[in-house]
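Every number here is computed from the coordinates shown, using simple stated rules; none is lab data. In this text the structure is predicted, and so the values were computed from the model without any measurement. Here Cβ is always computed from backbone atoms with ideal geometry, including for glycine, and neighbour counts include all displayed protein chains.
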Amino acid sequence: MRATITPREEMVQNWQDSAPPVAPVSGPPPRALNLNHVMDLGNTVFFIFRGRAFGIPPLAWREGEKILDVWLEAQSFGGALERENLRAYYGCIKRLQKLTWKNCRPSGPIRRFLRLLHLHPNPFRRATEGELAELAVFMLGRRMRGTDPAPTLARTPDQSPGT
């Protein structure tokens, strides 16, 4: 192989000749989807519970699904609780307490460190049913949502609507 000196103008011309053709731009650029949701990923909303501040980052949809399921199950009992329903109702309340604590972050480095070590007790274990219901609704408002519609499950022709 032999090296030769090539003038700069010739190199630029060779480069332009070998570059792939650029497609002409037609119409406006595509619109960015989920931009607000992506920008909101780092935002934490704080609330005060019994004098202490807790933060809730945007809630993943799976956690939102669990909270919604428990909240709807607790709402299904309504105001008329009977003795055989009490255990199931209070089971819902206990799950809601755990989910609320799982998805909240205490404020302050010491309290966060204690929680990391599992030494910070769940502050929602002594919450009333009304307080838990308010927190559940608030947390459901923090769910992340996409702009795409939910996918539908396609049925085969031999399946009936009930299967």
Order by protection proxy (mean Cβ within 10 Å, highest first), peptides 1-7, 110-116: 110-116, 1-7
Helix-only CD estimate at 222 nm, as mean residue ellipticity for the chain, using -39500 (n - 2.57) per DSSP H run (n ≥ 4): -14000 deg cm²/dmol
Reported label for calculated Cα extents along the principal axes in Å given (1) 50, 39, 35; (2) 93, 59, 36; (3) 76, 40, 29: (2)
Kirkwood hydrodynamic radius of the stretch 45-140, from inverse mean 1/r over distinct Cα pairs, in Å: 14.1
S107 long-range amide H proximity, modeled H, under 5 Å: A53, G55
